[in-house]
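Shown next, in C-alpha cells, is the structure this report addresses.
The values are calculated or read from the model by the stated rules, or taken from the named source; none is laboratory data. None of these values were measured; they are calculated from a predicted model. Please note: Cβ atoms are built from the backbone with ideal geometry, for glycine as well, and neighbour counts cover all protein chains shown. All accessible areas refer to the heavy atoms of the entire protein, side chains included, with ligands and DNA or RNA removed. Shrake-Rupley method; radii C 1.70, N 1.55, O 1.52, S 1.80 Å.
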Amino acid sequence: MNEVSLWTGFWPFTPERFAIWVGAILTLCIYSFLYRDNPFYKFAEHLLVGVSAGYWALIYWNANIVGQLLVPVLRGGVLLPLVPGVLGLLMFTRFFPRFAWISRYAIAFYVGGDAGLAIPSYMQARVLAQVHAAMAPTVSITAALLLIGLICSLLYFFFSREHKGVLGGASRIGIWFLMVGFGASFGYTVMARVSLLIGRMQFLFRDWLGLIR
C-alpha cells in the first residue's frame, strides 16, 4: 500500500500533479546553472522570458489599448484618447529608417510628461518628507542619531572645502552611516533572495516530493 501510494504521489496523473511536475523540472533546470551553463538552463530561461513577455503584452493590450483607447473611443465617443494613441503609433516609425525622425516627437512628449509627473512626487517622497522628518523635534535617541547621520552624510558630499578638522571628522562619521545604510540595503536584498530560495525548496520537498509537511 505504501509503495502504491508513493508511486501515485509521484506520478503526474492529475492536472495538479502535472503542473507541479512541470514547475519542479523547470526549477531544477534553473538551478542547474549553479553547476555550469547548460542547455537545460537556457531552455528554462528562454521559456520564462517568452512566457513573461507574452503575458505582459496581453496585460498591456487589454488594460491600455482596449481599456483606455478602443473602448472610450468606439463605445463612449470620447476622442481625447486618440492623442496618446497616435503618439504611441508614431513610436513604431523607429522601425523605418526613412521616417525614424518622427518617433522623436512622441518620445520627447512621453519623457517630458513622465518627468513632469515623477519629479514632484519623487521630491515629495524622497526629499521633502525625509527633510521634514529630520527637522522634527529630537525627542528620542533614534531621532537624534538619524539627524546626526543625515547631517554628517551630507557633509561628506560637501567638496567646496578640504575635509580637515571638524568637517573631516563629520565626513568620516558620515562614511560610517553610509556604510551602515548600504549594508542594511544589501542585507535586505540578500534576505529577499534567500526567501525566494526557501520558497522554491519548500515547493520541491513538500509539493513535489512530499518529504515535508
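For the reader, a short list of remarks on this structure follows.
- Cα convex hull of the stretch 138-202, projected area averaged across orientations, nm²: 6.2 nm²
- With one equal scatterer per alpha carbon and no solvent term, the Debye-computed log10 I(q)/I(0) for the chain at 0.13, 0.15, 0.16 1/Å reads -1.06, -1.07, -1.10.
- Here is what passes the span test in the chain: the DSSP H helices with alpha carbon length of 15 Å or more along the helix axis and a Kyte-Doolittle mean of 1.6 or above are 141-156.
- Using a simple spin-label model with pseudo-atoms 7 Å out from Cα toward Cβ, Ser185 and Leu145 lie 1.9 nm apart.
- Total formal charge among the other residues, if their Cβ is under 15 angstrom from that of Ile198, Lys/Arg +1 and Asp/Glu -1: +2
- Cβ-based net charge around Tyr156, under 14 Å, with every Lys or Arg adding one and every Asp or Glu removing one: +2
- With the helix formula -39500 (n - 2.57) applied to DSSP H stretches of n ≥ 4, the chain reaches a computed 222 nm mean residue ellipticity of -22000 deg cm²/dmol.
- Accessible-area composition of the stretch 79-135, carbon plus sulfur, in percent [1.4 Å probe]: 75 percent
- Taking 0.36 nm per residue of sequence separation and removing the Cα-Cα distance, the Leu178/Phe158 pair yields an extension gain of 5.8 nm.
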